[in-house]
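> After the structure tokens below, expect a handful of questions from me.
The values are calculated or read from the model by the stated rules, or taken from the named source; none is laboratory data. If you're wondering where the values come from, they're calculated on a predicted model, not measured in any experiment. Positions of Cβ are generated from backbone atoms using ideal geometry, with glycine treated the same way; all protein chains shown enter the neighbour counts.
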Amino acid sequence: MTVKNDNIKKDKQYYKFCLYGFLKNLRFFDPFLILFFVSKGLSFFEIGVLYAVREISINIFEIPSGVFADALGRRKTLAFSFLIYIIAFIIFYLGYDFPLFILAMIMYALGDAARSGVNKAMIIEYLKRTDQLQYKVTYYGHTRSWSQIGSAISSLAGGVLVFYQQNLDTIFLFSIIPYIMDFFNVLSYPAYLDEGIKKSQSFYDRIKLTTSTFLDVIKNGELFKVLVNVSIYSGYYKSIKDFIQPFLKSLLVQLPILLFLTEYQKMGLFLGLVYFIIFLNNSIAARKASQIAGYFSTLIKFLNYSLFVGIAFGLISGLMMEYMPSVWVVLLFIIVLFIENARKPSGVALITEKSYEKVNASVISVSSQLASIFSALFVMVIGYFADLIGVGISIAVMSFFILLLFPLIKLKK
């Protein structure tokens, strides 16, 4: 498969799209979130419940999100999401028990649901208007690359904050600053990117059209299978990516280094650095996504192959986490996360090719909904069994189960 990737226009809007991704990923708490919950006395199962609540809430809130994004304006919907995130960060900072963290996760989910798919749909609309649609894999890969660069820098910054603050609470307050900046960045997008459905339609007709499109996705077997293939790996990725944090902390204890530092200082430096490497690697994967996909004859073949290899590496890393703890576990995790960022632009491209042009936000939201369902299921199971048999074995068992399903979710040419 040949993928064109050299002629995208790096104009003002290109950099705004990149800035959006960069700022939204400056979540300084990401490398420490599970450790934050553990420090508050929560079990792995309770942590799994929190993650599942977030994913299920995303699933519920996303049902109307595509409708409002297409019908009421994508820019305002996207800007609104950042205000919701800020409320969630404040609750995390003030929270001290399980119920409050559930509330914070619900608010976080509302922000995710309002944001999900909207910016991608605006990118597609922009590429159509500027005759660059043939470069959509490359363009989306570039913007996602900047998202991962944001995550990488966020990891280092979060590590520095933990090092000096010597607690895991204040990093939520610092995360508010970039979200305020992104709020104004999104509002500066061109007004025409709000368009998704013809203005001559009534509000009722817009909702009816978007809802019917949602149902058509479920009925369209070919498109639905594509969504499952893309979403199941995204759900898997989301459910396991943070569970490496307890392993990293335990590995740090075993390494006879930085003995003169406090536990928080060592944790800030080590986890910040590891996550910096992880996200920097993810940035490379996103930026080179079209080139990686180009090594395969079709997007379908690439999505199938990457799904199987990624889950298999996750299984091996889980087993090694339990029986052969070493830096090799970290390397395997990096590969699993690399694959998600390499395959996601191709997944979005294949989905948009098979969906209706005027309601891309709604169709992409279906993919996000499925990913939320898978993630909620996976993280609940991992959390429950992590308290009984360990995090590593739980990840390995879940990976093995998904591999058993591979023949059913493999895309046909």
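> Can you tell me which residue among 382, 395, 351 is assigned to a helix (DSSP H, G or I), among the β-branched types (Val, Ile, Thr) and either at pLDDT below 90 or under 15 Å from residue 223 (Cβ atoms) (or both)?
351
> Can you name the residue in region 26-47 that is among the small types (Gly, Ala, Ser) and part of a loop (DSSP other than H, G, I, E, B) and, of all such residues, is nearest to the chain's Cα centre (by Cα)?
Top of the filtered list is 43.
> Mind checking which residues of region 153-181 are outside any helix (DSSP H, G or I) and within 25 Å of residue 81 (Cβ to Cβ)?
168, 169, 170, 175
> Taking residue 81, is it hydroxyl-bearing (Ser, Thr, Tyr), within 30 Å of residue 212 (Cβ to Cβ), modelled with pLDDT of 85 or more and surrounded by 21 or more Cβ atoms within 10 Å (Cβ to Cβ)?
Taking the combined requirement at face value, the residue satisfies it.
> Would you mind stating whether residue 152 is surrounded by 15 or more Cβ atoms within 10 Å (Cβ to Cβ) and either among the small types (Gly, Ala, Ser) or in contact with a Lys or Arg (Cβ under 9 Å, 6 or more places away or on another chain) (or both)?
Considered against the rule, which asks whether it is surrounded by 15 or more Cβ atoms within 10 Å (Cβ to Cβ) and either among the small types (Gly, Ala, Ser) or in contact with a Lys or Arg (Cβ under 9 Å, 6 or more places away or on another chain) (or both), residue 152 comes out as yes.
> Let me ask you something else. Please go through region 129-152 and pick out each residue that is assigned to a helix (DSSP H, G or I) and without any contact (Cβ under 8 Å) to a residue 40 or more places away in the chain.
133, the sole residue that qualifies.
> Pick out the one residue from 66, 21, 73, 41 that is under 26 Å from residue 386 (Cβ atoms) and either modelled with pLDDT under 95 or surrounded by 19 or more Cβ atoms within 10 Å (Cβ to Cβ) (or both).
41
> List the helices (runs of 4 or more DSSP H) that sit entirely inside region 245-347 and contain at least 2 residues that are hydrophobic (A, V, I, L, M, F, W, C) and either at pLDDT 90 or above or surrounded by fewer than 19 Cβ atoms within 10 Å (Cβ to Cβ) (or both).
Ranges flagged: 263-287, 299-323.
> Please verify whether residue 98 is without any contact (Cβ under 8 Å) to a residue 60 or more places away in the chain and either closer than 20 Å to residue 41 by Cα or among the acidic types (Asp, Glu) (or both), treating the condition exactly as stated.
In short, yes.
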